[in-house]
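Reading through the structure tokens given below for one structure.
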Amino acid sequence: RNETQYYFGAGPAQLPKPVIIQLSKDIVNINNQGIGIGEISHRSKLAQDIIDNTRENLYKLLSNNGNIDIEDIKKQYDVFFLQGGGTTGFSSIPLNFKKYNQAQNKKGGYIISGSWSLKSYQEAKRLGCDVVPLYNDKEVNGEFKGSYTGNYETLLSKHDDLSYVYVCENETVNGIEYDQTLKELAKVCKQKNIDLISDLSSDIFSREINIFDYGVIMAGAQKNIGIAGLTLYIVKKSILANIKTSGNIEELPIAFDWNLQNDNNSCYNTIPMVPLHTLNLVFEHLLNAGGIVAQEKINFEKAEMLYDVLDKYSLEGNNEKKFVKLTVSKQFRSKMNVVFNLKTTDLENDFVKKAEASGFSAIKGHRSVGGIRVSIYNAVKLEAVESLIKFVEEFAEQL
Ligand code: PMP
């Protein structure tokens, strides 16, 4: 590996160096057993121990360095890991709720704040589930710029039949992440006995969350916490009990039957052990490095530094070298995916080309929106962002 290269890919993304080194050894020989992690049976004692240990570490991370009692979390939430990614995650959510919703005359409400929450809503609808859009930022602002800023009590009072409200907490393509307003939404949901469901695929364990705000957390592994192939689910036991009582619709694939998988320690079918073990190595790495509290501090610092330099050259400012267009509202700026445009497409191409030549790779925006996207997940070091900032300054100088 060329260590001078800085990688800012949106996912799959960089892993912490100690993790990739350990993983490469364990691929060849896990625990001195003379066989690799991808070769052992998922039902072996070793694999079962790894699954259990991963779950324990996940609970530890959710405790926010001991500030939340782990036993309280365990009493209320189950954790399981399934084959797949974000798409299997957001498809399985409405399907697992479908029969329960039919029996209760309830629906899923979607807050649409970017490409992934939009896709999640569209897929739920395509699967014939009873879902309703509660808010669509693109319809309000012409393009995705953030999320709902009004009163959640008012928004939710328009619907008295919601079993869940779905959000994508960090929109990876659009660079939109919820701020403290999510707490407000969680509060109103609780008052109304609605479960808050969140796609945390691209910001899980990048900052502290209060697990008790959520009914379901779903996250694909391949950005902050591992490699592709696995989805993690944290689901309130009361939800699992409710949907078990109602039974499943025929269209629910057994591989994505939450209760079946949860009752079988995530091993009803073959759990992919390489991604699962990678997840655990990342969890151990995070815990040893001061947990989420420490990681959050670094992440906030990285994002602040980067937005500062972009603001300095913003077209809305009065710097004579201004060339940066930031469309996401300040309140909802993602701390994981910093998305922006430059004055012209030619300038964007030039920026990407020069950045690559200087060792900064994978900063081209998502093909659906263009522009630039710098993803600064947990494994991206502060120095990488500092170097990129220097590059931005030098680029501005040449204009
Ligand atoms: N949700 C979010 C927030 C995402 O960023 C992505 C893309 N990685 C997905 C869902 C879809 O994930 P996958 O490609 O693993 O199906």
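The values are calculated or read from the model by the stated rules, or taken from the named source; none is laboratory data. The model shown is predicted, which means the values in this text are computed figures rather than measured ones. Here the Cβ positions follow ideal geometry from the backbone for every residue, glycine too, while neighbour counts run over all protein chains shown.
In summary, Ala228 fulfils each of the numbered conditions (1) aliphatic (A, V, I, L, M); (2) more than 13 Å from the ligand (Cβ to nearest atom); (3) surrounded by fewer than 19 Cβ atoms within 10 Å (Cβ to Cβ) with the single exception of condition (2). Total residues in the range 148-167 satisfying the condition of being modelled with pLDDT under 95 and assigned to a helix (DSSP H, G or I): the figure is 0. Restricting attention to the range 168-199, which residues are under 9 Å from the mean Cα position of the chain (by Cα) and assigned to a loop (DSSP other than H, G, I, E, B)? Answer for the range 168-199, where residues must be under 9 Å from the mean Cα position of the chain (by Cα) and assigned to a loop (DSSP other than H, G, I, E, B): Glu169, Thr172.
Within 16 Å of the ligand (Cβ to nearest atom) and either within 25 Å of Gly290 (Cβ to Cβ) or in the same structural domain as Val165 (by TED's automatic domain parsing) (or both): does that describe Ile217? Answer is yes for this residue.
All conditions but one from (1) surrounded by fewer than 20 Cβ atoms within 10 Å (Cβ to Cβ); (2) of a type in the set (Gly, Ala, Ser); (3) more than 11 Å from the ligand (Cβ to nearest atom) apply to Gly146; the one that does not is (1). When Ser115 is tested against (1) surrounded by 22 or more Cβ atoms within 10 Å (Cβ to Cβ); (2) under 15 Å from the mean Cα position of the chain (by Cα), only condition (1) is not met. Restricting attention to the range 285-339 and to residues that are of a type in the set (Ser, Thr, Tyr) and touching a Lys or Arg at 6+ places or on another chain (Cβ under 7 Å), the residue that is surrounded by the most Cβ atoms within 10 Å (Cβ to Cβ) turns out to be Tyr313.
Screening Ser202 on (1) within 12 Å of the ligand (Cβ to nearest atom); (2) part of a helix (DSSP H, G or I); (3) not aromatic (Phe, Trp, Tyr) shows it passes everything except condition (2).
Total residues in the range 15-45 satisfying the condition of being assigned to a loop (DSSP other than H, G, I, E, B) and farther than 19 Å from Leu286 by Cα: the figure is 16. Considering each of Leu279, Leu252 in turn, give the residue that is farther than 30 Å from Gly371 by Cβ and away from the ligand (no atom under 16 Å from the Cβ). None of the others qualify; the one that does is Leu252.
Scanning the range 171-199 for residues that are among the acidic types (Asp, Glu) and within 16 Å of the ligand (Cβ to nearest atom) gives Glu171, Glu177, Asp199.
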